[in-house]
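Quick notes on the structure that follows.
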Amino acid sequence: MKVHFLGAAQTVTGSCYLIEACGIRFTVDCGMHQGNSEIEARNFDTKAYSPSDIAFILLTHAHIDHSGLLPRLVHEGFKGPIYCTPPTAALAGLMLEDSAHIQEMEAEWKYKKQKRHTGQNAKNKDIEPLYTVEDARNVPAQFHLVEYGQTLEPHPGIRVTYRDAGHILGSAFLEMAITEEGKTTKLVFSGDLGRPGTLLMHDPVTAQQADYLFIESTYGDRNHKNEEATFDELAEAIAYSYGNNDKVIIPAFAVGRTQEILYCLYLLRQQGKLPENMPIFVDSPLAIRATEVFKTFKDYLDTPEVNLTNNLSKLLPNVKFTLDATESQALNQMKGAAIIISASGMCNAGRIQHHLRHNAWRPTASIVFVGYQGVGTPGRKIVDGATSIRLFNEDIAVKARVFTIGGFSAHAGQSQILDWIGKMTHPAMRVVLVHGEERAQETLAGLIKAQYHLPVNIPGYLEEMELVAGLQPEVVVTSQPQSHARVNWELLLEETEGKMAKLRALLENAPQRPWDEQVDIRDRILELNKELLSVLAQL
């Protein structure tokens, strides 16, 4: 049996684990890579997946970093079933179509930019969308629904049980038993493991015995604040901007986090900590539609304080939903205090970028991060203390007060991961850390070894492992991970210096040009200087 790590290996996006067993190939998840340009380029390189050869896909939950490549694989020939819970199917259908719309819009923007620059109508293949809305709409036909606790046998010798992971609506971890040559190997894939005590989700149930545990490690190096501190910090952010008659900008994942924030605002209102005259805007069409799915599958939620079948306007009288783009744009012209919840949660696409463009530079505004920010994303840069961010080819100063509230995370913190592992029967279990950055994984690996004396592996991107069954499970690395592409700084600087030398030579004749042309050339060089200053500030 082999496992090929096609994503979420020493990073937190692109979750996909390709398994070869019982004569077939199947995957756990099929997520989109998100982050910088090098990471996102992986989405177009699907040779390793060989989609037409995949027998089936086991989907743990709907988040795009776990489901976002499904439309591309279906387009490229994957025809098998996609197993998931009913809420996951409903949410993934919405999320994939929304993702496809973004892919098409970005490709169209690049095409128009190319056309303006070159005057050519022919589309460059490099600006084709990752997949289309039509591709996304073809995916739900392949969903096969599985309830929690139900065991399925998608192929002889492979048995899979879905368990409540407590992460988002419908999320699951997988207990898997694979029998080859008379030997049965037990595997557990955590997906994204939730944390106990969240506002909407039931606590994750405990996994049973495993020979191999593939567990996420997003917060392997730290714990979250408790619920009371989380509520207090959000109330502080609201009070800060309300007192300044300005806006609270909350980048939030449309599925899961937005609904939790709304629920938290309801509870703050009950406690008298939410100003009665402060409007709340949910500015994400996907989040608005997903909220309806949450109401449909309310029996999957843990909400003893409130009946979610009620209209939200009864719970939060000041909440308003902005489906239309014109309504969204009007928010940035609106004066006065307001709370704006918008996507994407990492600020790398969508309406949130417009709200940051209009508010990040305002010292009286606040930006509240309530979820994980991936490496290379604008959100991560702000959290890490950037004094400016690049949005719409413009450097935007970050002067707003920034709050990072980890207590809203839907991921288990360090101690919660360790507690969950400790409840399993694991006399000879081998742990494989996935879905985390290297620093978090190294920290967590050390704690697992110290507390439980279990062997730990940390695979890299595109690494392949052979799992050896037996009394002492073993891992044999059959192919090494792909290292990050090295940036050739010498070549890059040589090219830059060469262009500067050519510019200097050509400018010798600039005084002979008409005055208006000289001014235009000067202005363009000033723009280049601004770009260089921005790079220098980053360094």
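Pairing residues of the range 309-326 that are outside the structural domain of Ala337 (by TED's automatic domain parsing) with residues that are outside any helix (DSSP H, G or I) and modelled with pLDDT of 90 or more, at Cβ distances under 8 Å and at least 6 apart in sequence or on separate chains, gives no pairs at all. Answer yes or no: is there a residue in the range 356-363 that is among the aromatic types (Phe, Trp, Tyr) and touching an Asp or Glu at 6+ places or on another chain (Cβ under 7 Å). No, the range 356-363 contains no residue that is among the aromatic types (Phe, Trp, Tyr) and touching an Asp or Glu at 6+ places or on another chain (Cβ under 7 Å). Only residues that are more than 23 Å from Ser15 (Cα to Cα) and crowded, with 24+ Cβ neighbours inside 10 Å were counted across the range 199-237, and they come to 1. The criterion of being under 16 Å from Leu234 (Cα atoms), touching a helix residue (DSSP H, G or I) at 6+ places or on another chain (Cβ under 9 Å), touching a residue at least 24 places away in the same chain (Cβ under 8 Å) and aliphatic (A, V, I, L, M) holds for Ile341.
Taken as a whole, the condition of being more than 17 Å from Gly191 (Cβ to Cβ), modelled with pLDDT of 95 or more and not polar (S, T, N, Q) does not apply to Gly170.
Being among the hydroxyl-bearing types (Ser, Thr, Tyr) and in a loop (DSSP other than H, G, I, E, B) is the filter; apply it to the range 351-389 and report the residue that is farthest from His435 (Cα to Cα). In this case the residue turns out to be Thr364.
Taken as a whole, the condition of being over 14 Å from Arg430 (Cα atoms) and either modelled with pLDDT of 95 or more or assigned to a loop (DSSP other than H, G, I, E, B) (or both) does not apply to Leu213.
What tally of residues in the range 180-200 results from selecting those that are in a loop (DSSP other than H, G, I, E, B) and closer than 20 Å to Arg25 by Cβ? Looking only at that region, the number is 2. Counting the residues of the range 147-164 that are over 18 Å from Arg25 (Cβ atoms) and surrounded by fewer than 15 Cβ atoms within 10 Å (Cβ to Cβ) gives 4. Among the residues making up the range 280-297, those that are closer than 18 Å to Gly93 by Cα and not hydrophobic (A, V, I, L, M, F, W, C) are Ser284, Pro285, Arg289, Thr291, Glu292, Lys295, Thr296.
Consider the range 39-65 and keep the residues that are under 16 Å from the mean Cα position of the chain (by Cα) and among the acidic types (Asp, Glu). The one that is modelled with the highest pLDDT is Asp65.
Could you tell me whether Tyr162 is under 20 Å from Leu193 (Cα atoms), among the aromatic types (Phe, Trp, Tyr) and either within 20 Å of the chain's Cα centre (by Cα) or modelled with pLDDT of 95 or more (or both)? So Tyr162 passes the test.
What residue, of Arg390, Arg401, is closer than 23 Å to Phe253 by Cα, within 20 Å of the chain's Cα centre (by Cα) and not assigned by TED's automatic domain parsing to the domain that holds Ala210?
Criteria check complete, one pass: Arg390.
The values are calculated or read from the model by the stated rules, or taken from the named source; none is laboratory data. For clarity, every value in this text was computed on a predicted model and none was experimentally measured. In this analysis, Cβ positions are derived from the backbone assuming ideal geometry, glycine residues included, and neighbour counts consider all displayed protein chains.
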